[in-house]
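Read through the structure below, which is laid out as structure tokens, and then see the notes.
The values are calculated or read from the model by the stated rules, or taken from the named source; none is laboratory data. If you're wondering where the values come from, they're calculated on a predicted model, not measured in any experiment. Here the Cβ positions follow ideal geometry from the backbone for every residue, glycine too, while neighbour counts run over all protein chains shown. Ligands, DNA and RNA are stripped out before the accessible areas are found, and what is left, the full protein with its side chains, is counted by its heavy atoms. Shrake-Rupley method; radii C 1.70, N 1.55, O 1.52, S 1.80 Å.
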Amino acid sequence: MGLLVLFGLFFFLMAWGVPIAFALGIASLATFLFEGISPAIAFQRVIGGLSIYSLIAVPFFVFAGELMLRGGIGIKLVRLCLALVGRVRGGLGQVNVVSSMIFGGISGSAVADTSALGSMLIPMMEKAGYDKDYAVNVTVTSSLAGIVIPPSHNMVLYALAAGGAASISNLFIAGIVPGILMCLSLCVAAYIVAVKRNYPRAAFPGIAQTLRYAADAIPGILTGFIIVGGVLSGVFTVTESAAIGVIYALIIIVFLYRSLSFADLVVSLKATVRTTAMVMILVATAASFAYLLSIYRTPELVMATLTGISDNPIIILLLINVAFLILGCFMDMAALILICTPIFLPVAMTAGVDPVQFGILMMMNLGLGLTTPPVGACLFLGCSIAKIPMEKTILTIWPFYLAILVVLMMVTFIPGISLWLPNLLLG
Amino acid sequence: MVFLKVASLVLDAVVWVAYALSCLAMASLIAMAGWQVWGRYVMNNSPTWTEQLTMLFLLYITLPLAAVGVREGFHLAVEIVPNLLRGRAAVWQQRGVMLCLGIFGGFMMTYGANLVSLTWAQSLPLIGISRGYTYLPLVISGTLILAFVAEHLVWSLTPAGQRPAPKFAFAPEAPQEVS
């Protein structure tokens, strides 16, 4: 009955329009009262959920993303990629995907990626004769690289929600191969559509110019390597690594690129603290919610339900994939990671799935939700940059969804894709 | 009406201060994490107070600004049903949401104060200040949520329907935030 109160109230409040973090908090509070437990315990859990040192990495990653977004690293990266891969048929589509792969690896955010690269590449593609829907589709779907390729603050959230079952460094490494595969798959899809629509090639600027572009872009690109390298080498903790990444990015952007004013810095800080509050209040109230889920032994109930459908681990994993894809269409990624991990991870682990592989699957599945209607943040952003109705984009986006789904299925059925590199490097 | 306008002006100032302090706290977090690395590798003397203090700062950034999010409406929400509503139905839906948030804020303030008083005599390890400071952000956030909800509800009953745009803001709105 308590579980019914918890979930019933949560879904009702969420559908009513109560912010998700507060819907989680109110549903938990009501369940505590229903069970006759002091609400003080609920608020103790709220504070306990925020008192984890690794969590501090999240605002640092967000700040690094903000600095990348406003610090002009995107344009340097696009210039370099244009010189490197622009000569292919529909070269700007390839440039878009490759830039996303690198920028996403620096900023760790799909929305920052869509915003920074989309605002440059979508108008550039339009001017070069590409259709708006194609420009938006490539920009939006390739932005998922920001979530899968390390560093990614969503992976930090997953590692925390997994309660130590998966380490952040393992997750970071595990995202590299699936992220690259996803971008390669998107490059193929972008190429096929480009050939079909007869899009142009870009001119090669010459080797000397390409080297100049590389020299200009590399200091910015190094930010991602510093963060990931710091964590993997064990020199820094994930929090320290993210902070060093921010300090490095600030030095590069302010002193080398000179592209960030004090006013921009304040805007970036304000945006960072807002996003921090938005994500952290979710973490806090989800901790209270997760405490109740464990009291009610929810993972065991879900496991019993799923094994009632099939006891084949692959079918169970596919069912979880489908659940994630559907939920991702309606809810934000951070909220879903925090709510779904305590429910589905024990189920997946019982079915023999590695928690690191499961984390990568979750990132890809829920990330896809950022590009789907009705609430896909990246899709909305891409459409608003191109000034094109979402309905028009959705009609032609399916080759790109298909490209991601192919890789998603590969990661689901072949554990080695996500686990080979962490096993090789970290043992 | 004049009283309401003055109250909103005061709350604008509260929001400004919350942003300013949070930004300072965020800059301090980065400095502390950097100092920790510097202390460990350069000074050969790793500071012990930074971890505890950064966690405390995170609470003071998150909870008061979460309340500001109630006023500014920046929290993540599923808005499929609200977007379908029009006219009076939309107004009542908003009032219902605010009422829920207000009730939560009230509990947060009351039980936060309870936890502060229960833990005030204990001290936090490594930094030596009262453990009550860990729970104090709950009281601040709960109080602010109640104030913002009251402001919203009272304005929704006036002919204007909603509070006027803030007279001053801490910094311009970011064109696009990272999430």
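Side notes on the structure shown:
- Residue mean of other protein chain beta carbons inside 10 Å, B:69-76: 5
- B:S130 long-range amide H proximity, modeled H, under 5 Å: B:L124
- Accessible surface of segment A:120-164, 1.4 Å probe, proportion on carbon and sulfur as whole %: 50
- Volume in Å³ per residue [convex hull over Cα atoms, computed for segment A:139-276]: 168
- Taking all pairs of distinct alpha-carbon atoms in segment A:281-427, Kirkwood radius in angstrom: 16.7
- Using θ = phi - 60° and Karplus 6.51 cos²θ - 1.76 cosθ + 1.60, couplings along segment A:331-347 (whole Hz; Gly, Pro as x): 10, 6, 4, 4, 4, 5, 4, 6, 7, 7, 4, x, 8, 8, 4, x, 5
- Rounded to the nearest angstrom and listed largest first, the equivalent-ellipsoid semi-axes of segment B:1-58 from its Cα gyration tensor are 40, 9, 5.
- Here the ratio of the Cα radius of gyration of segment A:7-54 to 2.2 N^0.38 Å is 1.23.
- Residue-by-residue Karplus 3J(HN,Hα) for segment A:252-263, coefficients 6.51, -1.76, 1.60, Hz, glycine and proline x: 4, 6, 7, 9, 8, 7, 6, 10, 10, 7, 4, 4
- A Gaussian network model of chain A, with springs between Cα atoms under 10 Å, assigns the largest mean-square fluctuation among A:S99, A:S259, A:S241 to A:S259.
- Cα centroid separation, segment A:182-259 to segment A:366-384 (Å): 23
- Reciprocal mean inverse distance between Cα atoms of segment A:299-364 - Kirkwood radius, Å: 11.9
- Axis angle, to the nearest 10 degrees, between helix A:73-85 and the longest C-alpha principal axis of chain A: 60 degrees.
- Accessible area ranking (1.4 Å probe, heavy atoms, ligands and nucleic acids excluded), largest first, for A:I385, A:I320: A:I385, A:I320.
- Peptide A:195-203, shielding by other chains (average Cβ, 10 Å cutoff): 0
- Neighbour-limited loop hits for trypsin sites (Lys or Arg not before Pro), segment B:21-105 (at most 14 other Cβ within 10 Å; DSSP other than H, G, I, E, B): B:R86
- Three-way shape label, segment A:74-175, alpha-carbon gyration tensor, a/c 1.5: prolate
- Compared with the dominant principal axis of the Cα atoms in chain A, helix A:39-50 is inclined by about 30°.
- Whole-Å semi-axes of chain B's equivalent ellipsoid (Cα gyration tensor): 36, 20, 15
- Shown for the protein assembly as shown is the translational diffusion coefficient from the Stokes-Einstein equation, using the Kirkwood radius over Cα pairs, a temperature of 20 °C and a viscosity of 1.002 mPa s: 86 µm²/s.
- Accessible area ranking (1.4 Å probe, heavy atoms, ligands and nucleic acids excluded), largest first, for A:L222, B:L84: B:L84, A:L222.
- Among the chymotrypsin sites (Phe, Trp or Tyr not before Pro) found in segment B:135-176, those both in a DSSP coil and sparsely packed, with 10 or fewer other Cβ atoms within 10 Å of their Cβ, are B:F168.
- Axis angle, to the nearest 10 degrees, between helix A:2-16 and the longest C-alpha principal axis of chain A: 40 degrees.
- Divided by 2.2 N^0.38 Å, where N counts the residues, the Cα radius of gyration of segment B:51-94 comes to 1.73.
- Placing dummy labels 7 Å off each Cα toward the beta-carbon, the span from B:A7 to A:R258 is 5.2 nm.
- Solvent-accessible area of A:C340 with every protein chain in place, 1.4 Å probe, in Å² to the nearest 10: 10
- Paramagnetic reach from A:S233 (point 7 Å along Cα→Cβ, amide N under 18 Å) across segment B:24-48: B:34-44
- Pairs spanning more than 30 Å between alpha-carbon atoms, out of A:K76/A:K127; A:K270/A:K387; A:K127/B:K167; A:K127/A:K196; A:K392/B:K167; A:K76/B:K167: A:K127/B:K167; A:K392/B:K167; A:K76/B:K167.
- Inter-chain neighbour count for A:42-48: the average number of beta-carbon atoms from partner chains within 10 Å of each residue's beta-carbon is 6.
- Taking all protein chains together and a 1.4 Å probe, the residues A:S288, A:S51 rank A:S51, A:S288 from largest to smallest accessible area.
- Accessible solvent surface per residue of chain A, calculated while the other protein chains remain in place, 1.4 angstrom probe, Å²: 34
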